[in-house]
1. Select from segment 1-109 those trypsin sites (Lys or Arg not before Pro) which occupy a DSSP coil region and have at most 10 other Cβ atoms within 10 Å, ordered by residue number.
2. Between their Cα atoms, which of Lys190/Lys329; Lys190/Lys290; Lys63/Lys87; Lys39/Lys329; Lys63/Lys322 are more than 32 Å away from each other?
3. Return one number: the angle in degrees, 0 to 90 and rounded to the nearest 10, between the long axis of the Cα atoms of helix 84-93 and the longest principal axis of the Cα atoms of the chain.
4. Using the Karplus equation 6.51 cos²θ - 1.76 cosθ + 1.60 (θ = phi - 60°), what ³J(HN,Hα) coupling, rounded to whole Hz, does each residue of segment 31-41 give in order, writing x for Gly and Pro?
5. Please give the calculated 222 nm ellipticity per residue for the chain, where each DSSP H segment of at least 4 residues contributes -39500 (n - 2.57) and the sum is spread over every residue; nearest 500 deg cm²/dmol?
6. Could you rank Thr161, Thr183 by how accessible they are, 1.4 Å probe, largest area first?
7. Between [x] 40, 20, 19; [y] 31, 22, 20; [z] 47, 25, 17, which matches semi-axes √(5λ) of the Cα gyration tensor in Å calculated for the structure shown?
8. Build a GNM of the chain with springs between Cα atoms under 10 Å: which of Gly153, Gly26, Gly259 gets the top mean-square fluctuation?
Amino acid sequence: MRIFRHYDDVPLAFRGAVVAIGNFDGVHRGHRALIAEAKVQAEARRSPLAVLSFEPHPQEYFKTLRQEGGPTPAGPDCFRLTPLRAKARLLADLGVDALFALNFDGEMARRTPQDFVENVLVNGLGIGGVVVGHDFEFGQRRAGNLATLSYMGEMEGFTVTDFDTVTAHSSNEKNGDEKISSTLIRQLLKQAKPDEAARLLGHPWAVEARVEHGDARGRTMGFPTANMHLGHCLAPAFGVYAVRVNILEGDRAVARHDGVANFGIRPMYQVNVPLMETHLFDFDGDLYGKYLSVELIQYIRPEAKFPSLDALIAQIAADAAKARGILAKTA
(Lines give C-alpha, C1' and ligand atoms only; values in the text may rest on other atoms or scores of the structure.)
Protein backbone atom coordinates (compact mmCIF):
# COMPACT_ATOMS: atom_id res chain seq x y z
CA MET A 1 0.00 0.00 0.00
CA ARG A 2 1.26 3.47 -0.90
CA ILE A 3 0.89 6.29 1.63
CA PHE A 4 0.47 9.85 0.34
CA ARG A 5 0.64 12.89 2.62
CA HIS A 6 -0.48 15.23 -0.17
CA TYR A 7 -3.10 15.42 -2.93
CA ASP A 8 -0.92 17.04 -5.59
CA ASP A 9 0.81 15.13 -8.38
CA VAL A 10 -0.85 11.80 -7.57
CA PRO A 11 0.58 9.14 -9.92
CA LEU A 12 -1.69 8.11 -12.78
CA ALA A 13 -1.89 4.57 -11.40
CA PHE A 14 -3.81 5.85 -8.36
CA ARG A 15 -6.17 8.23 -10.12
CA GLY A 16 -9.76 7.16 -10.74
CA ALA A 17 -9.82 5.37 -7.39
CA VAL A 18 -12.88 4.48 -5.39
CA VAL A 19 -12.17 6.28 -2.12
CA ALA A 20 -13.52 5.55 1.35
CA ILE A 21 -13.48 8.84 3.30
CA GLY A 22 -13.38 9.06 7.07
CA ASN A 23 -11.17 9.19 10.14
CA PHE A 24 -11.28 5.39 10.59
CA ASP A 25 -9.84 5.60 14.11
CA GLY A 26 -9.47 2.01 15.26
CA VAL A 27 -10.42 0.55 11.85
CA HIS A 28 -13.37 -1.16 13.56
CA ARG A 29 -15.99 -3.47 12.07
CA GLY A 30 -18.10 -0.57 10.82
CA HIS A 31 -15.10 0.94 9.04
CA ARG A 32 -14.17 -2.44 7.60
CA ALA A 33 -17.65 -2.94 6.18
CA LEU A 34 -17.58 0.49 4.53
CA ILE A 35 -14.14 -0.16 3.05
CA ALA A 36 -15.32 -3.59 1.85
CA GLU A 37 -18.11 -1.86 -0.09
CA ALA A 38 -15.57 0.48 -1.65
CA LYS A 39 -13.43 -2.54 -2.54
CA VAL A 40 -16.34 -4.24 -4.33
CA GLN A 41 -16.87 -1.12 -6.41
CA ALA A 42 -13.16 -0.71 -7.14
CA GLU A 43 -12.84 -4.32 -8.31
CA ALA A 44 -15.92 -4.00 -10.51
CA ARG A 45 -14.39 -0.94 -12.19
CA ARG A 46 -10.84 -2.33 -12.13
CA SER A 47 -9.87 0.82 -10.29
CA PRO A 48 -7.59 1.37 -7.29
CA LEU A 49 -9.04 1.19 -3.79
CA ALA A 50 -8.07 4.14 -1.60
CA VAL A 51 -8.79 5.57 1.83
CA LEU A 52 -8.77 9.29 2.56
CA SER A 53 -8.14 10.31 6.15
CA PHE A 54 -6.58 13.25 7.97
CA GLU A 55 -3.50 13.72 10.16
CA PRO A 56 -3.78 14.98 12.77
CA HIS A 57 -7.31 13.88 13.54
CA PRO A 58 -9.51 17.01 13.10
CA GLN A 59 -10.62 16.80 16.74
CA GLU A 60 -6.96 16.94 17.80
CA TYR A 61 -6.36 19.99 15.63
CA PHE A 62 -9.30 21.93 17.06
CA LYS A 63 -8.47 20.88 20.63
CA THR A 64 -4.98 22.25 20.15
CA LEU A 65 -6.44 25.58 19.10
CA ARG A 66 -8.61 25.69 22.23
CA GLN A 67 -5.81 24.75 24.62
CA GLU A 68 -2.93 27.16 24.99
CA GLY A 69 0.23 25.34 23.95
CA GLY A 70 -1.78 22.28 22.92
CA PRO A 71 -2.22 18.93 24.71
CA THR A 72 0.73 16.64 25.25
CA PRO A 73 0.65 13.70 22.81
CA ALA A 74 0.57 11.08 25.57
CA GLY A 75 -1.61 13.12 27.90
CA PRO A 76 -4.79 11.87 29.56
CA ASP A 77 -6.89 13.65 26.92
CA CYS A 78 -5.36 11.75 24.00
CA PHE A 79 -8.14 9.70 22.39
CA ARG A 80 -6.54 8.10 19.33
CA LEU A 81 -7.15 4.36 19.04
CA THR A 82 -4.77 4.00 16.12
CA PRO A 83 -1.95 6.44 15.34
CA LEU A 84 -1.05 6.66 11.65
CA ARG A 85 1.45 3.78 11.64
CA ALA A 86 -0.99 1.33 13.21
CA LYS A 87 -3.88 2.52 11.06
CA ALA A 88 -1.84 2.11 7.89
CA ARG A 89 -0.96 -1.47 8.79
CA LEU A 90 -4.59 -2.37 9.43
CA LEU A 91 -5.73 -0.76 6.17
CA ALA A 92 -3.03 -2.53 4.18
CA ASP A 93 -4.31 -5.85 5.58
CA LEU A 94 -7.72 -5.00 4.09
CA GLY A 95 -6.27 -4.73 0.59
CA VAL A 96 -6.25 -0.93 0.34
CA ASP A 97 -3.99 0.24 -2.49
CA ALA A 98 -3.45 3.83 -1.34
CA LEU A 99 -3.89 5.81 1.86
CA PHE A 100 -4.22 9.57 1.41
CA ALA A 101 -3.35 10.78 4.93
CA LEU A 102 -3.80 14.49 4.26
CA ASN A 103 -2.51 17.16 6.60
CA PHE A 104 -5.33 18.74 8.58
CA ASP A 105 -4.27 22.31 9.27
CA GLY A 106 -5.77 25.78 9.17
CA GLU A 107 -5.86 25.80 5.38
CA MET A 108 -7.71 22.48 5.25
CA ALA A 109 -10.09 23.54 8.02
CA ARG A 110 -11.02 26.71 6.11
CA ARG A 111 -11.88 24.93 2.86
CA THR A 112 -15.49 25.23 1.81
CA PRO A 113 -17.25 22.04 0.73
CA GLN A 114 -17.02 23.15 -2.91
CA ASP A 115 -13.30 23.92 -2.59
CA PHE A 116 -12.64 20.52 -0.99
CA VAL A 117 -14.51 18.63 -3.70
CA GLU A 118 -13.11 20.56 -6.65
CA ASN A 119 -9.49 21.01 -5.58
CA VAL A 120 -8.82 17.98 -3.38
CA LEU A 121 -11.10 15.21 -4.65
CA VAL A 122 -11.42 16.08 -8.35
CA ASN A 123 -8.40 18.12 -9.46
CA GLY A 124 -6.06 16.65 -6.88
CA LEU A 125 -6.89 12.97 -6.44
CA GLY A 126 -8.94 12.51 -9.59
CA ILE A 127 -11.38 10.18 -7.84
CA GLY A 128 -13.83 7.91 -9.62
CA GLY A 129 -16.16 7.42 -6.66
CA VAL A 130 -16.52 7.85 -2.91
CA VAL A 131 -18.07 5.76 -0.17
CA VAL A 132 -19.02 7.56 3.06
CA GLY A 133 -21.15 7.04 6.14
CA HIS A 134 -24.69 8.38 6.13
CA ASP A 135 -23.76 11.09 8.69
CA PHE A 136 -20.74 12.31 6.70
CA GLU A 137 -20.00 16.04 7.02
CA PHE A 138 -17.14 18.02 5.53
CA GLY A 139 -15.82 21.48 4.75
CA GLN A 140 -15.51 24.58 6.88
CA ARG A 141 -17.80 24.38 9.93
CA ARG A 142 -19.07 21.06 8.56
CA ALA A 143 -21.17 22.95 6.05
CA GLY A 144 -21.21 20.04 3.60
CA ASN A 145 -23.10 16.78 4.05
CA LEU A 146 -24.11 13.73 2.05
CA ALA A 147 -26.62 15.71 -0.03
CA THR A 148 -23.95 18.28 -0.88
CA LEU A 149 -21.47 15.61 -1.87
CA SER A 150 -24.01 13.71 -3.96
CA TYR A 151 -24.99 16.86 -5.85
CA MET A 152 -21.38 17.75 -6.56
CA GLY A 153 -20.65 14.17 -7.58
CA GLU A 154 -23.31 14.46 -10.27
CA MET A 155 -21.82 17.74 -11.44
CA GLU A 156 -18.19 16.51 -11.42
CA GLY A 157 -18.75 12.97 -12.66
CA PHE A 158 -17.94 10.75 -9.66
CA THR A 159 -20.24 8.36 -7.83
CA VAL A 160 -21.29 8.75 -4.21
CA THR A 161 -22.37 5.80 -2.07
CA ASP A 162 -24.07 6.25 1.29
CA PHE A 163 -23.11 3.38 3.61
CA ASP A 164 -25.45 2.43 6.45
CA THR A 165 -24.39 2.32 10.09
CA VAL A 166 -23.13 -1.08 11.26
CA THR A 167 -24.50 -2.37 14.56
CA ALA A 168 -23.60 -5.21 16.89
CA HIS A 169 -25.56 -6.98 19.60
CA SER A 170 -24.74 -5.38 22.94
CA SER A 171 -23.13 -7.49 25.65
CA ASN A 172 -25.81 -5.94 27.89
CA GLU A 173 -29.00 -7.68 26.78
CA LYS A 174 -31.11 -4.71 27.93
CA ASN A 175 -29.45 -2.46 25.33
CA GLY A 176 -30.22 -4.57 22.25
CA ASP A 177 -28.18 -3.67 19.19
CA GLU A 178 -25.70 -0.79 19.43
CA LYS A 179 -23.93 1.33 16.84
CA ILE A 180 -20.30 0.34 16.40
CA SER A 181 -18.33 3.53 16.95
CA SER A 182 -14.84 4.62 17.91
CA THR A 183 -16.39 6.55 20.83
CA LEU A 184 -17.96 3.40 22.28
CA ILE A 185 -14.72 1.46 21.86
CA ARG A 186 -12.77 4.16 23.71
CA GLN A 187 -15.28 3.96 26.55
CA LEU A 188 -14.88 0.19 26.79
CA LEU A 189 -11.08 0.45 26.98
CA LYS A 190 -11.37 3.09 29.70
CA GLN A 191 -13.75 0.72 31.55
CA ALA A 192 -11.19 -2.14 31.46
CA LYS A 193 -13.15 -4.15 28.89
CA PRO A 194 -10.61 -4.86 26.11
CA ASP A 195 -12.37 -8.10 25.16
CA GLU A 196 -15.62 -6.21 24.46
CA ALA A 197 -13.67 -3.55 22.57
CA ALA A 198 -12.11 -6.29 20.43
CA ARG A 199 -15.59 -7.64 19.62
CA LEU A 200 -16.51 -4.28 18.07
CA LEU A 201 -13.12 -3.67 16.50
CA GLY A 202 -12.92 -7.08 14.86
CA HIS A 203 -9.37 -7.39 16.22
CA PRO A 204 -7.65 -6.88 19.58
CA TRP A 205 -6.77 -3.30 20.44
CA ALA A 206 -3.02 -2.80 20.68
CA VAL A 207 -0.52 -0.35 22.09
CA GLU A 208 2.39 0.26 19.72
CA ALA A 209 5.65 1.86 20.83
CA ARG A 210 9.39 1.41 21.02
CA VAL A 211 10.94 -0.41 23.99
CA GLU A 212 12.87 1.92 26.29
CA HIS A 213 15.44 1.32 29.01
CA GLY A 214 13.87 1.08 32.46
CA ASP A 215 15.15 0.54 36.00
CA ALA A 216 15.48 -3.26 35.51
CA ARG A 217 13.42 -4.02 38.64
CA GLY A 218 11.43 -6.65 36.78
CA ARG A 219 14.57 -8.54 35.83
CA THR A 220 15.79 -8.62 39.44
CA MET A 221 12.41 -10.09 40.45
CA GLY A 222 12.56 -12.81 37.80
CA PHE A 223 10.07 -11.14 35.46
CA PRO A 224 11.97 -8.98 32.94
CA THR A 225 9.73 -6.47 31.19
CA ALA A 226 9.69 -4.45 27.99
CA ASN A 227 8.95 -0.87 29.04
CA MET A 228 7.00 1.40 26.69
CA HIS A 229 5.48 4.86 26.92
CA LEU A 230 2.27 4.95 24.95
CA GLY A 231 3.02 7.98 22.84
CA HIS A 232 0.20 9.31 20.73
CA CYS A 233 -2.72 7.07 21.63
CA LEU A 234 -5.50 6.45 24.14
CA ALA A 235 -4.53 5.45 27.68
CA PRO A 236 -6.63 2.40 28.69
CA ALA A 237 -7.65 1.57 32.26
CA PHE A 238 -4.75 1.14 34.67
CA GLY A 239 -4.14 -2.45 35.64
CA VAL A 240 -2.84 -5.86 34.65
CA TYR A 241 -3.71 -7.51 31.33
CA ALA A 242 -3.24 -10.81 29.53
CA VAL A 243 -1.57 -9.77 26.27
CA ARG A 244 -0.17 -10.96 22.97
CA VAL A 245 2.94 -9.23 21.72
CA ASN A 246 4.09 -8.77 18.13
CA ILE A 247 7.71 -7.82 17.59
CA LEU A 248 7.72 -5.55 14.55
CA GLU A 249 10.35 -4.85 11.94
CA GLY A 250 9.14 -2.15 9.59
CA ASP A 251 5.47 -2.94 9.16
CA ARG A 252 5.84 -6.70 9.54
CA ALA A 253 5.51 -8.87 12.64
CA VAL A 254 8.59 -11.10 12.86
CA ALA A 255 7.67 -12.84 16.12
CA ARG A 256 4.62 -13.25 18.37
CA HIS A 257 4.54 -14.11 22.08
CA ASP A 258 1.99 -14.43 24.85
CA GLY A 259 2.58 -12.35 27.95
CA VAL A 260 1.28 -10.34 30.87
CA ALA A 261 1.44 -6.55 31.12
CA ASN A 262 0.87 -3.82 33.65
CA PHE A 263 -0.20 -0.36 32.55
CA GLY A 264 -0.14 2.48 35.03
CA ILE A 265 2.01 4.37 37.50
CA ARG A 266 3.35 1.42 39.56
CA PRO A 267 2.01 2.23 43.06
CA MET A 268 5.07 0.77 44.83
CA TYR A 269 7.58 2.59 42.60
CA GLN A 270 5.59 5.52 41.27
CA VAL A 271 6.37 6.99 37.88
CA ASN A 272 5.16 10.37 36.66
CA VAL A 273 4.03 9.18 33.21
CA PRO A 274 1.95 5.98 32.85
CA LEU A 275 4.07 3.10 31.61
CA MET A 276 3.30 -0.17 29.83
CA GLU A 277 5.48 -2.96 31.29
CA THR A 278 5.18 -6.26 29.44
CA HIS A 279 6.64 -9.61 30.41
CA LEU A 280 6.88 -11.98 27.44
CA PHE A 281 6.45 -15.66 28.27
CA ASP A 282 9.19 -18.08 27.21
CA PHE A 283 11.32 -15.32 25.71
CA ASP A 284 14.99 -14.69 26.25
CA GLY A 285 16.39 -11.87 24.16
CA ASP A 286 17.15 -8.18 23.91
CA LEU A 287 14.15 -6.00 23.07
CA TYR A 288 15.66 -2.57 23.70
CA GLY A 289 14.93 -0.29 20.78
CA LYS A 290 12.51 -2.78 19.21
CA TYR A 291 9.04 -1.68 18.15
CA LEU A 292 6.28 -3.76 19.77
CA SER A 293 2.55 -4.10 19.29
CA VAL A 294 1.00 -5.22 22.59
CA GLU A 295 -2.54 -6.55 22.13
CA LEU A 296 -4.76 -6.28 25.22
CA ILE A 297 -6.71 -9.55 25.39
CA GLN A 298 -8.32 -9.51 28.84
CA TYR A 299 -8.19 -7.42 31.99
CA ILE A 300 -6.98 -9.28 35.08
CA ARG A 301 -6.99 -6.79 37.98
CA PRO A 302 -6.44 -3.13 38.92
CA GLU A 303 -3.06 -1.80 39.97
CA ALA A 304 -2.31 -2.28 43.68
CA LYS A 305 0.29 -1.44 46.30
CA PHE A 306 1.70 -4.43 48.17
CA PRO A 307 3.10 -4.58 51.71
CA SER A 308 6.43 -6.06 50.64
CA LEU A 309 8.57 -6.98 47.66
CA ASP A 310 7.90 -10.67 48.28
CA ALA A 311 4.15 -10.03 48.15
CA LEU A 312 4.57 -8.16 44.86
CA ILE A 313 6.62 -10.99 43.34
CA ALA A 314 4.03 -13.56 44.44
CA GLN A 315 1.25 -11.49 42.83
CA ILE A 316 3.18 -11.10 39.58
CA ALA A 317 3.61 -14.89 39.46
CA ALA A 318 -0.13 -15.34 40.05
CA ASP A 319 -0.93 -12.78 37.35
CA ALA A 320 1.36 -14.57 34.90
CA ALA A 321 -0.28 -17.91 35.64
CA LYS A 322 -3.75 -16.41 35.18
CA ALA A 323 -2.69 -14.76 31.91
CA ARG A 324 -1.37 -18.08 30.60
CA GLY A 325 -4.70 -19.70 31.39
CA ILE A 326 -6.67 -16.95 29.68
CA LEU A 327 -4.50 -16.99 26.56
CA ALA A 328 -4.62 -20.79 26.32
CA LYS A 329 -8.38 -20.45 25.84
CA THR A 330 -8.22 -17.45 23.47
CA ALA A 331 -7.57 -17.88 19.77
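1. Numbers: sites: Arg2, Arg5, Arg15, Arg29, Arg32, Lys39, Arg45, Arg46, Lys63, Arg66, Arg80, Arg85, Lys87, Arg89; in loops: Arg5, Arg15, Arg46, Arg80.
Passing both the DSSP loop test and the Cβ count: Arg46.
2. Table pairs above 32 Å Cα-Cα are Lys39/Lys329; Lys63/Lys322.
3. With both axes taken from Cα atoms, the answer is about 70 degrees.
4. My calculation for segment 31-41 gives 4, 5, 5, 5, 5, 4, 5, 4, 5, 4, 5 Hz in order.
5. Numbers: 9 runs with 92 residues, N = 331.
Taken over the chain, the calculation gives -8000 deg cm²/dmol.
6. Numbers: Thr161 35, Thr183 80 Å².
Ranked list, largest accessible area first: Thr183, Thr161.
7. It is the value labelled [x].
8. Of the options given, Gly153 has the highest mean-square fluctuation.
The values are calculated or read from the model by the stated rules, or taken from the named source; none is laboratory data. This is a predicted model, so every value here is computed, not measured. Heads up, the Cβs are rebuilt from the backbone with ideal geometry, glycines too, and the neighbour counts pull from every protein chain shown. Keep in mind that these areas ignore ligands, DNA and RNA; they rest on the heavy atoms of the full protein, side chains included. Shrake-Rupley method; radii C 1.70, N 1.55, O 1.52, S 1.80 Å.
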